[in-house]
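Colleague: Pasting in a structure now, in structure tokens, and then I'll have a few things to ask.
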Amino acid sequence: MTIEETMNRMELLGSRIKEGTASQKEAIEWLDLTNSGNPVKEAAIQLLKDWASSDYGDGYFDGFVKAQNLYQEDVDLSDYTKQNIMELSEAAESSFDARNGQN
């Protein structure tokens, strides 16, 4: 990536963060791009990347949030399976992507 492309990407990610529309991965990418070489910050960014790529930091988390919202709406979740929760996650991610013009 050229310096100009990097600067443009940082600006785009920064605007999405300010608007509250950035994904978790985009926020981590912005932190990574703006890192000034601080070793503690680098370690923290690596932890965030690891957590974001784990089941609980990615697909399962979105499904969990959707399930929490359904529970607060008094929807009975006792029959929901792991697969149902993953489908909630995929629906939540598709909805987010559609709202933010992402693929």
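Colleague: Non-local amide H neighbours of residue 21 (under 5 Å, H modeled in plane, Pro and chain starts lacking H): which ones?
Modeller: HN-HN under 5 Å from residue 21: empty list.
Colleague: Further question on the same structure: Among the lysines, which fall within straight-line cross-link reach of residue 66, defined as a Cα-Cα distance under 27 Å, with same-chain neighbours fewer than 8 residues apart omitted?
Modeller: 18, 25, 49, 82
Colleague: Would you mind computing, in nm to one decimal, how far apart the modelled labels at residue 82 and residue 18 are, each placed 7 Å from Cα along Cα→Cβ?
Modeller: That separation, rounded to one decimal, is 4.3 nm.
Coordinate-derived values only; no laboratory data. In this text, all values refer to a predicted model and were calculated from it rather than measured experimentally. Here Cβ is always computed from backbone atoms with ideal geometry, including for glycine, and neighbour counts include all displayed protein chains.
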